[in-house]
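Participant: A single structure is presented below for examination.
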Amino acid sequence: MATEGTAPQQKLDEWFLKLLACPGCDERRALTLNAEGTGLKCACGKYLFPVTDGIPVLLLDNAEILDADKTAGELSCGEGDKK
């Protein structure tokens, strides 16, 4: 039972995680849960999206930028220009 004011952290099921994709990537890369279970990291390495009360918040405005050198104008979150 959770203590007053806190709720137990709901686990994200693996099947659900497979449905999610990075909203910041042109290629909609996969997201993986970080070790703490508090965020979803994009496969490109640029974004970390928070998980609040067991709910992924996939808004770019709420994302933590992990690699500031990768700009929004770069394709696939900085993977380079593919011609």
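Participant: Sort Ile65, Ile55 so the one with the fewest other Cβ atoms within 10 Å of its own Cβ comes first.
Facilitator: Ranked by crowding around the Cβ, least crowded first: Ile55, Ile65.
Participant: Another question about this same structure. Any chance you could run the full-extension gain for Ala30 through Lys18? It's 0.36 nm times the residue separation minus the Cα-Cα distance, nm to one decimal.
Facilitator: This chain segment gains 3.6 nm when fully extended.
Participant: Which of the peptides 14-20, 24-30, 56-62 is most tightly packed, and how do the rest follow, going by the mean number of other Cβ atoms within 10 Å of each residue?
Facilitator: Values: 14-20: 10.6, 24-30: 16.7, 56-62: 12.7.
Descending mean neighbour count gives 24-30, 56-62, 14-20.
Readers should treat all values here as calculations from the given coordinates under stated rules, not as data from a laboratory. None of these values were measured; they are calculated from a predicted model. As a convention, Cβ positions derive from the backbone with ideal geometry for all residues, glycine included, and neighbour counts pool all protein chains shown.
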